[in-house]
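Quick notes on the structure that follows.
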Amino acid sequence: MARRLVRDGHEAVLVTHARFIGEVSDGVVEVPVHSDPDELLQGPAAQALRRGDLRGLNRSRDLFAAFLEACAAPATAVLPGADVLVASTFAMAAADEALRRSVPVVRAHLWPEGSGATGTLPLLPYSWVLPGAGRRVGRRAQSFIEPLLAGMDGWWERGRLHVVPRRRVGFTTNTAGTMLAVSPTVVAWQGSDAAVTGWWVDADRRTVTAPVAATMADGHDWLYVGFGSMPQASQERLAEMVDWVCSRLGVKAVLQIPGARLSSSESVMLIGHEPHQDLFPRVRAAVHHGGSGTTAAVVRAGVPSVVVPHVADQFYWGHRLHVLGAAPRPLPRPVLTRLSLLRALQQALTSQMATCAGRLGAQVRDEDGTGAAVSFVERAVRG
């Protein structure tokens, strides 16, 4: 989106994690945030969340608060002279600093996050099956917890514990509107408090590396397997599982585990970082964790998915792709086995599912998410 703003004649400053600096350019000023999302996802806070360990979450809450607070200083440094701040779901500290300086705040989410009392709660797995009353309770609970995530102070007074958030800003706090950077074709959005722009996808001219392209051009059907930043208990067991499934299906697979010290087999090729936009159209199906960005790339490629959600909104995306006929039922990571993966892929490789995924991809590729987002921000600034 930052690139699109610049192309459309605006000035854009992108405050993002240091590991992403240098990936945007094209006239966009980049300011690093010294926090690492991969480190957080592999640390004790994320481990406790995946286990549903409330005590573990409580013990590690300061780690998550520090991660959220890391964007405050870099964002504050660039706010003078800004016409608007576009803040993501967890950029609560940046949004708070903008509000203190009377800079308009637009919130942007990579999942259908809204403030409606009975709307879907994508960060709460299976919330969409709850009745309206259940979702209202969930919304109230989440709204209470959100400001506390960025840090809190507490004390006992007259036998009662008092808890005060350091930042009185939640996921949806804004003064100039909310954008959902997701496909209106894929989500089931019924709210009126946000604009569904489409996924923010820019033209990516990068291609897969020559060795990967040459190997995948051997005439075999290929699958993709990769779980992004989600840590795996044993990379070796995962590779063995994929190899076993490939031997039963008579296909080959690329297994994306960046940094893995494993050897490829006859059926499984280990790969590092490769551009998904060019990789996914080369496969018949993709097994992935259901992150918003990966889901967008798979859907746009028009290939079926097998979604293996690990945490948070990944369950939502697996559910939506299944409802739309582009994926079998999601396989949560704890129930992923050789047999369950084999059965899911047997469904994903049917002609019916391939047709559904291809049709969905054609629809989504026509959406101009960044164009809609820029128009929304322009209207927000004009008031």
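I need Leu223, Leu238 ordered by Cβ neighbour count within 10 Å, fewest first.
Fewest to most other Cβ atoms nearby, the residues stand as Leu238, Leu223.
Among Ile21, Ile271, rank each residue by its count of other Cβ atoms within 10 Å, from fewest to most, as a rough exposure measure.
Ile21, Ile271
Report for the chain the percent antiparallel among DSSP-assigned beta bridges with both residues inside it, nearest 5.
For the chain, the DSSP antiparallel bridge percentage is about 15.
Under a point spin-label approximation (7 Å from Cα along Cα-to-Cβ), what is the Ala217-Asp204 distance to one decimal in nm?
Between Ala217 and Asp204, the label points sit 2.1 nm apart.
Under the rule of -39500 (n - 2.57) per DSSP H run of 4 or more residues, summed and divided by the residues of the chain, what mean residue ellipticity at 222 nm is obtained, to the nearest 500 deg cm²/dmol?
-11500 deg cm²/dmol
Could you work out Rg/(2.2 N^0.38 Å) for the chain, with Rg from alpha carbons only?
The value comes to 1.02.
Give me a comma-separated list of calculated 3J(HN,Hα) values for segment 223-228, in order, Karplus coefficients 6.51, -1.76, 1.60 applied at θ = phi - 60°, integers in Hz, x for any Gly or Pro.
10, 10, 9, x, 10, x
For Val33, what residues show an amide H to amide H distance below 5 Å, using hydrogens built from the backbone and excluding near sequence neighbours?
Correct list: Thr16, His17, Ala18.
Using Cβ contacts closer than 10 Å as the measure, can you line up Val169, Val78 from fewest to most?
Val78, Val169
What is the calculated FRET efficiency for Ala233 to Asp368, with r their C-beta to C-beta distance and R₀ = 45 Å, to the nearest 0.05?
Rounded to the nearest 0.05, the efficiency is 0.65.
Using a Förster distance of 41 angstrom, determine the FRET efficiency expected from the C-beta separation of Val78 and Leu324, and round it to 0.05.
0.55
Using alpha-carbon pairs under 8 Å, 6+ residues apart, how would you state the relative contact order of segment 210-365 in percent?
21
Identify which of Phe144, Phe64, Phe227 has the largest mean-square fluctuation in a Gaussian network model of the chain, with springs joining Cα atoms closer than 10 Å.
Sorting by GNM fluctuation, first place goes to Phe144.
Please compute the contact order of the chain in relative form: average sequence separation of alpha-carbon pairs under 8 Å and at least six residues apart, divided by the residue count, as a percent.
14
Sort the following peptides by mean Cβ neighbour count (other Cβ atoms within 10 Å, averaged over residues), highest first: 204-212, 274-282, 303-311, 2-10.
Those peptides, ordered most packed to least, come out 303-311, 274-282, 2-10, 204-212.
Counting only DSSP beta bridges with both residues in segment 131-230, tell me the antiparallel percent, nearest 5.
Beta bridges within segment 131-230, antiparallel portion: roughly 75 percent.
Karplus couplings for segment 358-368 from phi (6.51 cos²θ - 1.76 cosθ + 1.60, θ = phi - 60°), rounded to Hz, Gly and Pro as x?
x, 5, 5, x, 4, 5, 5, 5, 7, 7, 10
Amide H of Val287 versus every other amide H placed in the peptide plane: which residues, excluding those fewer than 5 positions away on the same chain, fall under 5 Å?
Amide H neighbours of Val287: Tyr224, Val225, Gly226, Val306.
I need the phi-derived Karplus couplings for segment 196-213: 6.51 cos²θ - 1.76 cosθ + 1.60, θ = phi - 60°, integer Hz, Gly and Pro marked x.
The phi angles translate into 8, 8, x, 5, 7, 10, 10, 4, 10, 8, 5, 10, 5, 5, 4, x, 5, 4 Hz.
Under 5 Å between amide hydrogens, which residues at least 5 positions from Trp111 or on another chain qualify, with H placed 1.01 Å from N in the peptide plane?
Ala181
For a Förster distance of 56 Å, can you work out the FRET efficiency between the beta-carbons of Asp153 and Leu342, rounded to the nearest 0.05?
Efficiency at R0 = 56 Å is approximately 0.60.
Quick note: the coordinates plus some simple rules give every number you see, no bench work behind them. Given the structure is predicted, the values throughout are model-derived calculations rather than measurements. When we count neighbours, we look across all protein chains shown, and the Cβ atoms used for this are built from the backbone with ideal geometry, even at glycine.
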